[in-house]
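Please treat every number below as a calculation from the coordinates, not as lab data. If you're wondering where the values come from, they're calculated on a predicted model, not measured in any experiment. Ideal geometry is used to build each Cβ from the backbone, glycine not excepted, and the neighbour counts take in all protein chains shown.
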Amino acid sequence: MTLGVLAVLAMLFVMFAGFWTDWLWYRSVKYSSVFTTTLWTKIGLFLSFGVVMAVAVGVNIWLAHRLRPPLSAMSMEQQSLDRYRMSIAPFKRWALIAITAVIGLIAGASASGEWRTWLQWVNGVPFGTKDPQFGMDVAFYAFDLPWYRFLLSFGFACAVLCLVAAALTHYLYGGLRLTSPGSRATAAATGHLSVLLGIFVSLKAIAYWLDRYGLAVKSSGLKSADNWTGLRYVDANAYLPAKTILFFIAAICAVLFFATLWRRTWQLPVIGFGLMVLSALLIGGLYPAIVQKFQVQPNEQAKEAPYIKQNIKATRDAYDIQDSEVTPYKGDYQPTGKADSQRLRDNADSTASMRLLDPNVVSPAFQQQQQVRGYYQFPSTLDVDRYKDKDGAEQDTVIGLRELNIAGIPERNWINDHFKYTHGYGAVAAKGTEATDGGGPKYTESDLPAKGQLGTYQQRVYYGEKTSQYSIVGGPQKELDYSDDSGEKSYSYQGKSGVNLANPVNRAAYAVAFGEPQILYSGAIGDGSRILYNRTPKERVESVAPWLTIDGDAYPAVIDGRIKWIVDAYTTSNGYPYASRTTLGDSTADSLTDGQRAVVAQQNQVNYIRNSVKATVDAYDGSVKLYQWDEKDPVLKTWMKAFPDTVEKKSAISPALKEHLRYPQDLFKVQRQLLTTYHVTDPGTFYTGSERWQIPNDPTTKSGNAVPPYYLSMKMPDQKNRAFSLTTTFTPNKRDNLGAFMAVDANATSGDYGRIRLLKLPSETPVPGPQLVQSKFNSDPVIANELNILKKFGDSEIEYGNLLTVPLDGGLLYVEPVYLRGANTNYPLLKKVLVSYGDNKPVLEDSLKDALDVVFGKKAPSTGTEQPPGGGDTAEPPSDQTVQEALADAQKAYEEGEKARAGGDWAGYGEAQKKLKAALDRAAKSSEKGGKPGS
């Protein structure tokens, strides 16, 4: 008995520990209202629906027992069940309570999971837009219809359970007979079960009526669009009238079931139910198939045109791409003289600030040069932001925080892991457009403690993307602050973040919650000790705003003397009528997506999205701020009603913070995925799919994943000045030519913020896309030879940086940095720059300036006989006859391939590429024989 009581108490304390630690955490971040609102909503739904289900089932069991026939009327079949009745009789009250309690608990738990649906229904704000078929506000589909469907599903479950429970009880006590002669059911059982069946059929009638509105948010197949949503011709002209007819048939059938209370016969209800089933097959299934086959298919484009138009409009509105501008662009412009070339060269400098420092490549350089200690680390992909240089001009900057690396602690133990090594230290930043003479990052903020252009700020990083473990700070145990030449510096946390562990109840609760008994009795915990957990920016924002979808890339910024993590957050819906759906996980994936950068989605399938909230997380004290960014979004307004005082007004955003806000990448990736199809607004062209685009694969990797978008300061043809932009490219469907270039103004302080511009390339004059440009770089014999020579210095490896595309005076300028990772170093250095413009010969030079000068004819190309990286031994380029012949063959094959490409002869182009590869392989083999490092 004692062990049993202790076991129960232990289970209760485990449950209490989870609840109590959650409450303490929400209170520590000052979002306790989110915890209480969510908790009371779940409790209310649990009790309401649990009690309703339990009472409904219990009452029907009780009623069936009360309506049992007298024992004298029992048949032989029922007499055989007597032993079951006798065994149940002493416990029937407790059995009834147990059965209803279990059913009620299951129903209540299921209902509590619908707390988001309930809060949206109760607090729903109108969209101010009506659907074209029924004239209902979009809020009906986004907020009301999901709740009605939940109520309907709950009603069906309740009716079925009541029906089963009542039927079993009637059978057990003689109201139903399966094998006995004569009547199979008593009049009381017939009336009881018929009422339950009538309720079930009534719910089916309601389901038919709601299905009419459900057609507006139903996904179906259309060959020109994935995840097509909304009514089509067959829906409006066959399914919609069919659902209406079935509603009336079901309603009549329900009345017939209710009528058995007086008629005491199943004949009419069974006939009615059979008619309903037959009607569902003929009217709801066969008739729409006939309409589709004989009315729609012979002239599908004309029949579907009005519905395609509605789908296009709704989809563009739902994804905020309705104002995207498509402008024709020549794309293949060529200079006609020296003056023309000089103008292009001058404009190349003013059109874009080319970011040569690729944040996806240079993290190892940051790690090698600025890690300082093994227990620090930088993210594998750094971030791009804007900071002012010494002259006050805005500079594209690559930035990363020196975060704590728990795996790099010299000696791993509980004290070191959770008390001594608690935080990272400082930001490291480098110019995005420049590199040192050796090819490394040109730092504007570096060293430990960090110093540079960012000024004075709180450098300790207690909250970061890599900080997933808990730490206990502020107590008797001192922390390691940082180390320098004079030794280790100690520190004690001064912030107000975390939960106080001075209370023994709190310590016991966290010992249980974290499965770490040492928290309860360790002497390292005392007055002032605080536990920090939930320390990643995305995790904190998701916790305080569980109704938001979190962007995959949180990025740091130094603002007003603090390091702030900036997190973009979205409101989403899956109920926007006529708007086609997309899968967030798929549409936001690219060659850089990993577990750290994946979007945190509340619902993966959506057809409405807005970047409605900008959030910040302080890297020192972990404080979370939510700011209303989209002031028109009805979904955000709905959640702000449900959770008042959690989101601050847009006006509360400081100017210093606003300078670092940018257009979010995941929203941009969702929009570009939709724009592959929905850049077309003409229903006829949309139906044929002839203008459909695709997102090209990243040409600089072998992953086969989509090319990521790039932040870049540049100007589009209609812009007078450069703007911080997010850019990407499209290719025509199943082709490698360039189909379009897309850019959005990403500077939050700009009046054009969020404006999407699309440059559409001519289909009749093929313009190389990213894959073809990369192939052009790789197949050029001079470039290939230069890179082969470069790689031989110490068996180095070549790494390509981001392939940047910039519209320039009617043509397209491609720029790609080339990094060299030497055998004796584990980080890449910028050594060369590849540039291509139009049909000009691609060039490979030591700097962007030299490459632009060469590609526009301002200077001759370099000879390529420079000193090896690091000042090592030189190697003379191979010059024997075999190499020269191979290079000549390669040049000839390259020219044949370009001629075939220009003429659209892709088979000939493929053959030329094979010849080119064979010639380059011969040249490489001869190079290995004819020249070696140090020879």
Check your understanding: Does anyone have the angle between helix 770-779 and the longest principal axis of the chain? Alpha-carbon axes, 0 to 90°, nearest 10?
Key -> 40 degrees
Check your understanding: Using helices alone, what [θ] at 222 nm do you get for the chain, with -39,500 (n - 2.57) per DSSP H run of 4 or more residues, divided over all residues and rounded to the nearest 500?
Key -> -13000 deg cm²/dmol
Exercise for review: Please go through segment 404-511 and write out the GluC sites (Glu not before Pro) that DSSP classes as loop and that have at most 13 other C-beta atoms within 10 Å.
Suggested key: Glu411
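I'd like the per residue volume of the convex hull spanned by the Cα atoms of segment 351-398, given in cubic angstrom. Kindly include the intermediate steps, with their values, before the conclusion.
Details: hull volume 4.5 nm³, N = 48.
Hull volume over Cα atoms, normalised by residue count, gives 94 Å³.
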Check your understanding: Alpha carbon centre of segment 130-178 versus segment 661-704: separation in Å?
Key -> 41 Å
Review point. What does the convex hull of the Cα atoms of segment 354-461 come to per residue, in Å³, rounded to a whole number?
Key: 98 Å³
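For the chain, what is the percent of antiparallel DSSP beta bridges, rounded to the nearest 5?
95 percent
Convex hull over the Cα atoms of segment 1-47, averaged projected area in nm²?
So the mean shadow area of the Cα hull is 4.0 nm².
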Review point. What residue among Ala545, Thr582, Val599 has its Cα farthest toward the positive end of the dipole of segment 526-632, where the charges are +1 on Lys, Arg and -1 on Asp, Glu, each on the Cβ?
Key: Ala545
Revision key, fill the gap. The size of the Cβ-based charge dipole (Lys, Arg +1; Asp, Glu -1) of the chain about the Cα centre, to the nearest 20 debye, is 4000 debye
Review point. What is the set of long-range amide H partners of Trp228 at a cut-off below 5 Å, with H atoms built 1.01 Å from backbone N?
Key: Ser220, Leu222
**Study point:** Rg/Rg_globular for the chain, with Rg_globular taken as 2.2 N^0.38 Å and Rg from C-alpha atoms
**Key:** 1.18
Check your understanding: Picking from Leu448, Pro364, Thr433, whose Cα lies most toward the positive end of the charge dipole for segment 354-461 (charges on Cβ: Lys, Arg +1; Asp, Glu -1)?
Key -> Leu448
Point to revise | Gap separating the Cα centres of segment 183-211 and segment 8-40, nearest whole Å | key: 44 Å
Check your understanding: Between Asp682 and Lys478, what is the spin-label point distance in nm, taking each point 7 Å from the Cα along the Cα→C-beta axis?
Key -> 7.6 nm
Check your understanding: Among Ile283, Gln295, Ile252, whose Cα lies farthest out toward the positive end of the dipole of segment 195-318, if unit charges sit on the beta carbon of Lys, Arg (+1) and Asp, Glu (-1)?
Key -> Ile252
